[in-house]
1. Summing -39500 (n - 2.57) over the DSSP H runs of n ≥ 4 in the chain and dividing by its residue number, what mean residue ellipticity at 222 nm do you reach, to the nearest 500 deg cm²/dmol?
2. Given a Förster distance of 25 Å, report the FRET efficiency between ASP65 and GLN155 from their Cβ-Cβ distance, rounded to the nearest 0.05.
3. Remind me, relative contact order of the stretch 10-99 in percent, using alpha carbon pairs under 8 angstrom and six or more residues apart?
4. Roughly what angle does helix 73-87 make with the longest principal axis of the chain, taking Cα atoms, 0 to 90 degrees, to the nearest 10?
5. What longest region of the chain stays clear of chymotrypsin sites (Phe, Trp or Tyr not before Pro) that DSSP places outside H, G, I, E and B and that have at most 16 other Cβ atoms within 10 Å?
6. In degrees between 0 and 90, to the nearest 10, how far off the longest principal axis of the chain does helix 135-148 point, with axes built from Cα atoms?
7. Using alpha carbons only, how many degrees (0 to 90, rounded to 10) separate the axis of helix 112-131 from the longest principal axis of the chain?
8. What number, in percent, do you get for the relative contact order of the chain if the mean sequence gap of Cα pairs under 8 Å and at least 6 apart is divided by its residue count?
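Every read-out reported here was derived from the displayed coordinates using simple, explicitly stated rules and does not represent laboratory data. The model shown is predicted, which means the values in this text are computed figures rather than measured ones. Cβ placement follows ideal geometry from the backbone for every residue including glycine, while neighbour counts extend to all protein chains displayed.
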Amino acid sequence: MTEKEDIVFSRNTVEFVTVAAEYCAYLERTTEHSRKEFIETLLKLLPLLYLKAQMLPDGELLSDDDLEDFVTEDSYEVLRMTIFDLLADKDSYLDVFVDDMKYSDTPVTKSISEDLADIYQDIKNFICLFQLGINETMHDAIVECNEHFRSYWGQTLVNTMRALHDIRYNTNYDEEEEEINE
C-alpha cells in the first residue's frame, strides 16, 4: 500500500468519514427534529466529530490544483436559515475567541446556525470529494479537511458546543420547550 492509500484507508480516516457523513445527514434533516432533540443530538455528535477530526492522519497535498467545492451558496444559505428557524431566539451567542475581541469594547455576537453551516460546508465538500473514489483526490481532501479543522472549524465547533451547552443546561430549557410545543 502506498503512503496516500495508507492515509485514505486508515482506520482513523474511515471513522472520521462515517461521523462526518452522519453530521451532514443530520443537518440535512433539521426540519424533522424538535429544537430540543436537535440540540441534544448535536451535543453528542459534535464532540465525536471533533475527536475523529483530531485523529485524521497528517499528509502533504499531492496536487497543486484546488479541490472542487460542492456546497453552493444557495444550499449553504438554505441550510443556515433552516437551522436559524429552528433555533429562533437561541441562535446567537457571545464569542470570546475572536481576534477582533481584543480591540473591541463591545461583545462579538456569533450565530450557531452560521457556525454549523460553516462546518457543514467544509465537511460536505470533503465527503463529496471522498465519494468520487479517486485516491489522489481523497488523499488531498483529507489533508485539506485536516488543515481547515486546525485553522478554522475546530475552534468554531467547540465555540458552538459551548453555546449549545449553555442553551441546554443554563437556561429554562425544558420550560421553554413545553411552551413551544403547546
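1. Calculated from helices alone, the mean residue ellipticity at 222 nm is -21000 deg cm²/dmol.
2. My answer for the efficiency is 0.35.
3. Worked out over the stretch 10-99, it gives 43 percent.
4. With rounding to tens, the tilt is 40 degrees.
5. 98-182
6. In the chain, helix 135-148 runs at an angle near 40 degrees to the longest axis.
7. 20 degrees
8. 31 percent
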